[in-house]
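Visitor: The structure under discussion is supplied below as structure tokens; questions concerning it will follow.
The values are calculated or read from the model by the stated rules, or taken from the named source; none is laboratory data. Since we're looking at a predicted model, the values are computed, not measured. Glycine also receives a Cβ, built like all others from the backbone with ideal geometry; neighbour counts cover every protein chain displayed. Quick note on the areas: whole protein, heavy atoms, side chains included, nothing else; ligands and nucleic acids left out. Shrake-Rupley method; radii C 1.70, N 1.55, O 1.52, S 1.80 Å.
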Amino acid sequence: MSKIVSMKEAAGRIADGAVVTVSSSSGLGCPDRILKAIGDRFDREGHPRNLTTLHPIAAGDMYGIKGIDHLAKDGLLSTIIAGSYPSGPSSLPMPEIWRMLVDNRVAAYNVPSGILFDMHRDTAARRPGVMTKVGLDTFVDPIREGCAMNEAAAARPIVTRQDFAGETWLHFPNIVPDVAIVRATTADEGGNLTYEHEGAYLGGLEQAIAVRNHGGLVIAQVKRVTASGSLRPHDVRIPGHLVDLIVVDPDQRQTTETDYDPAISGEIMRPWNSFSLAEHSVEKVVARRAAMELRIGQTANLGFGISAIVPRVLLEAGQEQAVTWAIEQGATGGMPLTGFAFGCASNADAFMPSPQQFTYFQGGGFDVSFLSFLEVDLEGNVNVSKLGKKPYLTAGCGGFVDITANARKIVFSGLFAAGADIHLTPDALKVKSPGKFTKMVDEVEHVTFSGRRARELGQEVLYVTERCVIELTGNGLTATEIMPGIDAQKDIVDASMGRVKLAKDLRAMPTELLREGAMELSL
């Protein structure tokens, strides 16, 4: 019997009360058409009702791929457990999933992406749930929010603290998915799936196994179908015996605003001079100083924000292959992309499945991580996951908590204050007006990174800003380097209301950071 069905027929197979796990990373790999078909069915029939959805990484975005917003309807969606959520600027309308979350119309949780992948694997193997130290003393921990994003979620905890072998662990009990929705490029008639046009494998295989091992339904959205036996076995990422239904969307995009770019899927290699360089800006100055923490031959993790500029700094300096980049969607090596294609890389050496990439991250195998911050507090805690006044400006934690849990060295990048008027010259940086507020606060709104635990583990932690480099020490936040042109007392100590102290041996940051054109970067 053929596994190929219409979108309408596949959506009709999802029962009320089902737990549905969705493979996606914003626009990358998002099975958007089948999600729309489920929402359309609910509008017609009032079913399926009361779904719980699992999203290791966000489904959809705010730029044309709706993803989870197709399901964000009262009565259809009752619970969402996600590593990240659609996010974007305040100039765009708030996604409906965020409206439901803020209005307490859906129980919403933010669970680190790596833990969500671990949950699928432990559920598949019928182990007793995930036991992990990832997330201790952060918002993931029950001593804080326990992953809950609103009151509806707080009323139904999904994580507990447990003592085991004399140590404290976090325990996430199994959540058994009934339906998996994955996406690939090609399916043969038997349901074997290949990913040749995809920019990442993500975690579709683990999600399919978790569902199959519990007798559930696996739906695969693909771009095209080929005859049985025509796929090379080495290319099959999800074997056909794990797939029940195939739906076809010949127009599925590779990622947001990209129909298809063979360099993203590793089918061609771009000339290195075809990548754009970062424009000269305060953010680029920060990224340059962050890049100075690299050493030749290292493996470095990379996050969104200012940190995403660091590879372009190396490119401009002729050091584009000096280090190996590793990002949570799975690309390893090459040139990580920016903008809508963030999460992809061109000229990659390999594509790791996200669950295995997160195992690597959680164990701290890489040399250094470059991440961004929204705010930092006296304890060295970092918030990147919650902004109460404008919640959808952040996507939640994503893989941030997994990455920082055991990292040996972390370089956080960000601007010292929000909205400050900064003037750049080739030899100095001047603060013309202080800005709306400092990002150095007494207590962060959400603890995505625990400074206290970092000190316990002996992690090396830097906060690189345009004004200074700050180290996390036993005495709190200490500025160890200062940018030429900055008034240490006025622009750092007073601007942070005394929260950042000055090192006795305060050093000047190199003026080369401020100059336009290629910077000589000796790693």
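Visitor: Can you pick out the pairs among Lys436/Lys490; Lys133/Lys389; Lys223/Lys386 whose Cα atoms lie more than 27 Å from each other?
Guide: Numbers: Lys436/Lys490 15 Å; Lys133/Lys389 30 Å; Lys223/Lys386 36 Å.
Among Lys436/Lys490; Lys133/Lys389; Lys223/Lys386, the Cα-Cα distance tops 27 Å for Lys133/Lys389; Lys223/Lys386.
Visitor: Pop out the carbon and sulfur fraction of the accessible area of region 147-188 as a percent, whole number, probe 1.4 Å. Before the final figure, lay out the partial values.
Guide: On the way: 1010 of 1860 Å².
Here it works out to 54 percent.
Visitor: Calculate the tail of P(r) for the chain: the fraction of all Cα-Cα distances greater than 33 Å, expressed in %. Kindly include the intermediate steps, with their values, before the conclusion.
Guide: Numbers: 53507 of 136503 pairs.
Of the Cα pairs, 39 percent sit more than 33 Å apart.
Visitor: Please work out whether region 410-454 counts as rounded, prolate or oblate from its C-alpha gyration tensor, where a ≥ b ≥ c are the square roots of the eigenvalues and a/c under 1.5 means rounded, while otherwise a/b larger than b/c means prolate and anything else oblate?
Guide: Working: a/c = 4.00, a/b = 1.88, b/c = 2.12.
Verdict is oblate for region 410-454.
Visitor: To continue, here is another question. Pairs of Cα atoms under 8 Å, at least six residues apart: use those to get the relative contact order of the chain, whole percent. Spell out each step's value before the answer.
Guide: Details: 1323 pairs, mean separation 68.0, N = 523.
For the chain, the relative contact order is 13 percent.
Visitor: Of all the accessible heavy-atom surface of region 374-523, with the other protein chains kept in place and a 1.4 Å probe, what percent is carbon and sulfur?
Guide: Values: 3170 of 6500 Å².
After summing per-atom areas, the C and S share lands at 49 percent.
Visitor: Related question: Of all accessible surface on region 1-145 at a 1.4 Å probe, what whole percent is carbon and sulfur?
Guide: Details: 2450 of 4950 Å².
Exposed carbon and sulfur together represent 50 percent of the surface.
Visitor: Of all the C-alpha pairs in region 122-276, what % are more than 28 Å from each other? Don't jump to the answer; show the numbers that get you there.
Guide: Numbers: 5070 of 11935 pairs.
Of the Cα pairs, 42 percent sit more than 28 Å apart.
Visitor: Calculate for the chain the 222 nm mean residue ellipticity that helices alone would give, adding -39,500 (n - 2.57) per DSSP H run of length 4 or more and normalising by residue count, nearest 500 deg cm²/dmol. Intermediate results must be reported in sequence, preceding the final value.
Guide: Values: 11 runs with 90 residues, N = 523.
Rounded to the nearest 500, the figure is -4500 deg cm²/dmol.
Visitor: Now for a separate question. Please report the accessible area of Leu242 (heavy atoms, 1.4 Å probe, ligands and nucleic acids excluded) in Å², nearest 10.
Guide: Accessible area, nearest 10 Å²: 10 Å².
Visitor: Could you please state, rounded to a whole Å, how far the C-alpha centre of region 504-523 is from the C-alpha centre of region 46-93?
Guide: 43 Å
Visitor: Now, a different point. Counting only heavy atoms of protein chains, what accessible area per residue, in Å², does the chain have with a probe of 1.4 Å?
Guide: Details: 20000 Å² over 523 residues.
Here the per-residue accessible area is 38 Å².
Visitor: Any chance you could give the angle, 0 to 90 degrees and rounded to 10, that helix 32-45 forms with the longest Cα principal axis of the chain?
Guide: 60 degrees
Visitor: What FRET efficiency, computed as 1/(1 + (r/R0)^6) with R0 = 35 Å and r the Cβ-Cβ distance, is obtained for Lys501 and His280, rounded to the nearest 0.05?
Guide: Details: r = 31 Å, r/R0 = 0.89.
For Lys501 and His280, the calculated efficiency is 0.65.
Visitor: When all protein chains stay in place, what accessible area (Å², nearest 10, 1.4 Å probe) is found for Arg144?
Guide: It works out to around 90 Å².
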